[in-house]
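Below: the structure, in structure tokens.
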Amino acid sequence: INLIRWRLSSIAAPLRLWTLHEAFLPSFALSLLYLTVLSFAGPMVTYLLSVGFSPGAVGGIRTISTVFELSATWLAPMLMAYIGKLRAGLWFLSWQTTCLVLTIASLWLVDPANRMLAPIILVVGVIVSRIGLWGCDLCIQLIIQDSIEEQHRGSFSSTEASVQNFFELCIFATTIFFSRP
């Protein structure tokens, strides 16, 4: 019984630190960003292959997406220097949300007879939205690093990573449940 209590307290203590810390909301918001199928991970790649994209085209799309993602690593510091970390993070998050909402909304307007137009719109929208995702991620990570006490950084970051991994698992569960493209 003492071993069980020790195990439960070793799980509960970092979770309690994470949820009660002032950096919890930005950290949780960052974790929620991992709860999406609109990225070039397994579910999206599988979808693109199922609608007729070649593996080479998917590789090229992922390369272009990576270039857009990496562009956020030089855009974010410039924007943070100009308007601050918090506002920059909100701007990047707004950029991502706007891109994805416009992408999803435009899919409703696509003629169903044109089978390849919808996936192309989806790919372009997700690629452009990645600037917002990575920029927001960078801003939040800097906010967290500045606000977490040195002795708690490892525990805080590992708890955050665990929640992110849980949300990624939820994505796979979602694609199992909604398995038809």
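Any read-out appearing in this document is the output of simple, stated calculations on the displayed coordinates, not a laboratory observation. These numbers come from a predicted model, not from an experiment. Positions of Cβ are backbone-derived with ideal geometry, glycine not excepted, and every protein chain shown enters the neighbour counts.
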Checklist entry - Of [x] 1.20; [y] 1.02; [z] 1.34, which is the value of Cα Rg over 2.2 N^0.38 Å derived from the coordinates here? => result [x]
Checklist entry - Which one of Glu150, Glu22, Glu168 has the biggest mean-square fluctuation once the chain is modelled by GNM with Cα springs under 10 Å? => result Glu150
Next on the checklist: As an exercise, identify the chymotrypsin sites (Phe, Trp or Tyr not before Pro) in segment 37-121 lying in DSSP coil whose Cβ has no more than 12 other Cβ atoms within 10 Å.
Outcome noted: none
Checklist entry - What net charge do the residues around Met78 carry, taking every other residue with its C-beta under 14 Å from that of Met78, with Lys and Arg at +1 and Asp and Glu at -1? => result +2
